[in-house]
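Here's the structure, in structure tokens; my notes come after.
The values are calculated or read from the model by the stated rules, or taken from the named source; none is laboratory data. This is a predicted model, so every value here is computed, not measured. Using ideal geometry, Cβ is built from the backbone for each residue, glycine included, and neighbour counts are taken over all protein chains shown.
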Amino acid sequence: MFVLASAVFAFAQQPVPGSPAATVPPETVVLTVGSEKVTRAQFEELLSALAENGKPAATAAARRQVAEQFAELMSLAQEARKRKLDQSPGVKQMIGIQTDQVLANSLAKELSEAKPDEAAAHAFYNSHKNEYEQATASHILIRFKGSQVPLKPNQKDLTEEEALAKAQDLRKKLAAGGDFAATAKAESDDTGSGANGGALGTFPHGQMVPQFDQAVFTLPVGQISEPVKTQFGYHIIKVEKRTSKSFEEAKPDIGKQMGKDAFDAIRKNTPVKLDDKYFGGER
């Protein structure tokens, strides 16, 4: 199979201003393969499209190597067309798939690199302020049967009712002045955070499971929560601090998030239907 050496394209960039190649007019034909002609402008569009990194040096030798490889590709493609291989149903389908791949990649790149104007960025920030919130919190986890958290050595596998009762008892002791960090070290089934007094550090909105996330971002700072149930068990939560990124702090991420949202909207709004009989139903 003919394969272009992609590493070459990373180095073969447009000519450096002031070099002899840079004086060639854009409309000048710089490559002819059979009946097909490629101008300087077209060839440099090819280099820009295929370059992987912004390598600074652009040598004539590198450009020549790209041109020779591209000429070989074109000559084989011309012969394939003469033999009407492009009319084969399988080849037509592959050409269509490759075209779609290029278009999809181009759109994804355009969306990810989009730079919203100041007004659009402010509007997005104002409507997504909760996404820029961060919390610093600690917790004590009491697991129950079926939890993804492993049992400690010699620990009883509590039922859901027993775990809730234990969590409620610990919460009462903490509310009465008990030491949260010491209790977490002694009782928490999350051994990772438990060793640090239950500390989870600082994390953004949406990083934790929904029930935990909702509690952390609604619980008054400094207050100890009632037991919060998740698939891991019952959590007793204490929020030390909540902050929110300012517009200027969030600005570098806004364009990327807007692009991601646009990408997700395209996928969501494009009807897709699979034949369950053929594909075996949903995964």
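Quick notes on this structure:
- Subset of the stretch 1-44 [among the small types (Gly, Ala, Ser) and either modelled with pLDDT of 60 or more or in a strand (DSSP E or B) (or both)]: 19, 21, 22, 34, 35, 41
- Filter result for the condition that a residue is within 21 Å of the chain's Cα centre (by Cα), assigned to a helix (DSSP H, G or I) and in the same structural domain as residue 157 (by TED's automatic domain parsing), over 253, 213, 261: 213
- Of all the criteria given as (1) part of a loop (DSSP other than H, G, I, E, B); (2) of a type in the set (Lys, Arg); (3) buried (at least 18 other Cβ atoms within 10 Å of the Cβ), the one not satisfied by residue 238 is (1).
- Candidate set: the stretch 264-283, residues that are under 21 Å from residue 104 (Cα atoms), assigned to a loop (DSSP other than H, G, I, E, B) and not aliphatic (A, V, I, L, M); chosen: the one modelled with the lowest pLDDT: 273
- In the set (1) farther than 30 Å from residue 145 by Cβ; (2) in contact with a Lys or Arg (Cβ under 6 Å, 6 or more places away or on another chain); (3) of a type in the set (Val, Ile, Thr), residue 254 fails one condition alone, (2).
- Selection count, the stretch 174-195, where residues are over 11 Å from residue 141 (Cα atoms) and surrounded by 15 or more Cβ atoms within 10 Å (Cβ to Cβ): 3
- Test: residue 160 is within 26 Å of residue 264 (Cα to Cα) and acidic (Asp, Glu): no
- Residue in the stretch 138-148 that is outside any strand (DSSP E or B) and over 25 Å from residue 224 (Cα atoms) present: yes
- Condition met for residue 201 (at positive phi and under 26 Å from the mean Cα position of the chain (by Cα)): yes
- Residue satisfying condition, being under 33 Å from the mean Cα position of the chain (by Cα) and crowded, with 17+ Cβ neighbours inside 10 Å, within set 167, 135: 135
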